[in-house]
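Report on one structure; see the data block that follows.
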Amino acid sequence: MALFQTRKKSSSPSYVSTLTILVFIALCVFGVWMLTSNSVVPPQTQSDEDTSTRTAIDTSATTNDELSSSEDSHETTSKSGEKEKDNPTAVYGDNPGHLPDDAIKADDNNSNNEPQKQQVDISDSQLSEESSLTQKDQVTAVIHEAGSDSDVKISEPEKQDEENQEQQDVQSFGTRGGSKTEEDEANKEQLREDKGVVEVAKKYEKVPADTSQQDSDAASKGTSSQEEETQNPKAEKKGGKSKKPWSTQVAQSQQENKRQTVESNSDEKLEDHTWYLCNVTAGADYIPCLDNEKALKQLRSTKHYEHRERHCPEDPPTCLVPIPKGYKTPIEWPSSRDKIWYHNVPHKLLAEVKGHQNWVKVAGEFLTFPGGGTQFIHGALHYIDFVQQAEPNIAWGKRTRVILDVGCGVGSFGGFLFERDVIAMSFAPKDEHEAQVQFALERGIPAISAVMGSQRLPFPSSVFDLVHCARCRVPWHLDGGMLLLELNRVLRPGGYFVWSATPVYQKLEEDVEIWKEMTSLTKSICWELVTINKDGLNKVGAAVYRKPTSNECYEQREKNEPPLCKDDDDPNAAWYVPLQACIHKVPVDQAERGAKWPETWPRRLQKPPYWLNKSQIGIYGKPAPQDFVADNERWKNVVEELSNAGISLSNVRNVMDMRAVYGGFAAALRDLPVWVFNVVNVDSPDTLPIIFERGLFGIYHDWCESFNTYPRTFDILHADNLFSKLKDRCKLVAVMAEVDRIIRPGGKLIVRDESTTLGEVETLLKSLHWEIIYSKIQEGMLCAKRGKWRPDSVAL
């Protein structure tokens, strides 16, 4: 220790002296340098040069990516993108750091933001829809092909490179499930970016189409933006990754404005929303898309019943429909088939006009239904048996399960077909036959307000086992048989058309002329006249026709009239698609839908359709047949689940699944005395043909518009992951006003969705004075019951 201290003392003065001298010299040199270097620019260091160079490269790459389509520029941007992902800490000029994805995407890619957001926080029970062919996609292609009458313009998409083509070798209804690797996600993103752009006209702006993965020979589809046209630059792919260009201030501002608008609509206005009664002429019977007086006044023609078709308001109504005075809880099925409360549907005109034909009669506080019709005065059951005897192969409830009843009146034909295990999709226009469809619905019989006019019916092709028309007043023989050809589209190959009308059995001059024209028309479309029978009791007759099961007759016709539809005319496109007088060919490939008749009922309910194969990927990400089974498994215990939530189905009759997939929810209720209206949204995977194939029925619809039904129709509405998908493109307030319109007082809404949306729905339901009977927001389920509350104020 002493030695250490001695050495320290002896060296310290010398060290301090030397250090002092060096510091002094350094300060002097520095001072001189400062005095002589005021105007001299300091040399750039190697580090600075690297940073500057990298900034220039990054800027150049971004510019090239946005403005150039050459192979070299894409290769440059792709490599640059790889560097950024592989080395997240590297600084390239104005490095965005760890910003969210949407903050560094150019506005060219904004159209992809919403589909990506929908992938976040989706549970296993939710259904992926991003790479499926939707009804909207099909409609876009068909209307584009129609030419100058089209409301849709499609910009020609860029060609996909061979690498993308090889990846699209599997048909799919939905995204491939199960894979969560980074490369798979990048590949999906690349497929989205390689799509073209669809520029959609006004009525279609409400329904932006999902991006689609299709076979290489399928027609290219695109994406549409509700606010502005966007276009994705083609990005070269390397290792499953792509370079994303820088965002712009315009894009960021628009995205933030949109977010704030959605947030404002969903938060601030929901709690304090003020409801008003609808101020409309239709009063308690208001159907917004059929009672749009402003649009009806602007029609140039009503020759093809355009005034009975859908004309939805530009802004969906957010008002509430009043309840008729004296309204009571509807009579339960099956008693409701025979009588209903008069004050629930307070209309007497039809009873006065059609009472002698046993349509409907007034009996005190009831409206009674003897079960008759214009062609079956002595009851529908006798008439149903008469049709069966005329053509035994119809085989009610076995071979024939799902039928279409055109011009249904008050629905007695469909109502009594339940006794034969047959379900009928009945429809009639909202016309001078006052409230005929409303009578049917109040009785517990499925029906919609629709007309055979200038547009296709909202159903897929080849789905109905039989089509029925009893004095339906449709001029089948006019306009080149255009309306009869629409029946040909929706009728299965080998299916029957039963026509019971005066031209079949009367000899008046007009009837004889119509019969001649119908005979010529049905021969030209290759329908076989199976039989003409007369009903002695009702003193009427019926002609039974059968649609061909092959194309041989079409090919052997002397005249090509009506002509065959073009090969690229999609017969399944049915949402606002104009009618054309052409014949769709019959499927000939035995693996194609429509080539074979479905299994007999009830076997067809649980068996996957023969045309679903393992090469198709279903909604849940499994091979299609397995996906079908998974959907059944998902819903098989739904009755018990609803019972545990306090929802009894004992007094339920009219049910709607607002977002059906394969129809599993409806199939689970098969043993109950209910019917389920399955709705497939036009921007969802087109699974409606599967629903029909299994012996159920449904319809295409867009819930940003009003449904074609009267107020107070349904006992239960079931919405599975629907509202979260709707609120980005239409107002949730308007959707909930429509829910309130079509559900009966005392009816129940069952919602399954993510927690944020459930909270918004619950807030709106409380503002409507609904009773919340089950609320498990974090578990993703909410049930509520509608009351009779109506606001005092009327909308201006």
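Readers should treat all values here as calculations from the given coordinates under stated rules, not as data from a laboratory. If you're wondering where the values come from, they're calculated on a predicted model, not measured in any experiment. Cβ: placed from backbone, ideal geometry, glycine included. Neighbour counts: every protein chain shown.
General remarks:
- Projecting label points 7 angstrom from Cα along Cα→Cβ for GLU592 and GLN298 puts them 4.1 nm apart.
- Counting 0.36 nm for each residue step from ILE773 to SER520 and taking away their Cα separation leaves a gain of 85.1 nm.
- Using R0 = 35 Å, the C-beta based FRET efficiency linking ALA395 and ILE532 works out to 0.95.
- In Hz, Karplus ³J(HN,Hα) per residue of the stretch 668-680 (6.51, -1.76, 1.60; θ = phi - 60°; x = Gly, Pro): 5, 9, 4, 7, 9, x, 10, 10, 10, 8, 8, 10, 9
- Sites listed here are GluC sites (Glu not before Pro) in the stretch 423-457 whose DSSP assignment is loop and whose Cβ has at most 12 other Cβ atoms within 10 Å: GLU432.
- For LEU649, no residue has an amide H sitting under 5 Å from its own, ignoring neighbours fewer than 5 places away on the same chain, with H placed 1.01 Å from N.
- An ellipsoid equivalent to the stretch 304-432, defined through the eigenvalues of its Cα gyration tensor, has semi-axes of 28, 21, 15 Å when rounded to whole angstrom and sorted largest first.
- Computed from the C-beta positions of LYS614 and TYR305, the FRET efficiency with R₀ = 41 Å rounds to 0.35.
- Model label sites at GLU352 and ASP511, defined 7 Å from Cα along the beta-carbon direction, differ in position by 2.9 nm.
- Mean sequence separation of contacting Cα pairs (under 8 Å, at least six apart), scaled by the length of the stretch 605-786, corresponds to a relative contact order of 17 percent.
- Extension gain for LEU22 to LYS585 (0.36 nm times residue separation, less C-alpha to C-alpha distance): 192.7 nm.
- In the stretch 661-736, the C-alpha radius of gyration followed by the widest Cα-Cα span (Dmax) gives 13.0, 37 angstrom.
- Translational diffusion of the stretch 598-709 was estimated from the Stokes-Einstein equation, with Rh taken as the Kirkwood radius over Cα pairs; at 20 °C and 1.002 mPa s the coefficient is 145 µm²/s.
- Normalised convex hull volume, the stretch 478-597, alpha-carbon set, Å³ per residue: 131 Å³
- Whole-Å semi-axes of the ellipsoid equivalent to the stretch 370-462 (Cα gyration tensor, √5λ, descending): 22, 17, 11
- Taken along its three principal axes, the alpha carbon spread of the stretch 605-786 comes to 48, 37, 34 Å, from the longest extent down to the shortest.
- Projected area averaged over orientations for the stretch 559-643, convex hull of C-alpha atoms, nm²: 9.0 nm²
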